[in-house]
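Peer 1: What follows is a structure written as structure tokens; I'll ask about it next.
Just so it is clear, none of the values below were taken in a lab; they were calculated from the coordinates. Owing to the predicted nature of the structure, the values given are computational and were not obtained by experimental measurement. Counting neighbours? That spans all protein chains shown, and the Cβs are built from the backbone with ideal geometry, glycine included.
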């Protein structure tokens, strides 16, 4: 891989990570903001998985298959950006409508991620 290809790949990984981070900010608040960690996922989240399992989910796998990132790169992003309590677990949500309505061409690779310290507003 030449320098230009490496730069382009790094840029694509940064864009995917930034979009995932932005999705997390738009999609839900973390327990840090609410102050009531429960070490579980709030209602509406589809998966409570390890960061490795998150990298194996269909949209993550599609990003890997399409050459946008490696599994190790995704795991590193998920750990650094979303696993705030350091237990290697995250909550993942497939957001209805993102794929069909989005203007962003990378939306087919995205999930809404939050740390598993999310707390339901109706629970403990």
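Peer 1: Once both labels are modelled 7 Å past Cα along the beta-carbon direction, what's the residue 56-residue 76 spacing in nm?
Peer 2: 2.1
Peer 1: Using 0.36 nm per residue of separation minus the Cα-Cα distance, give me the extension gain between residue 66 and residue 106 in nm, one decimal.
Peer 2: Working it through step by step, the gained length comes to 13.3 nm.
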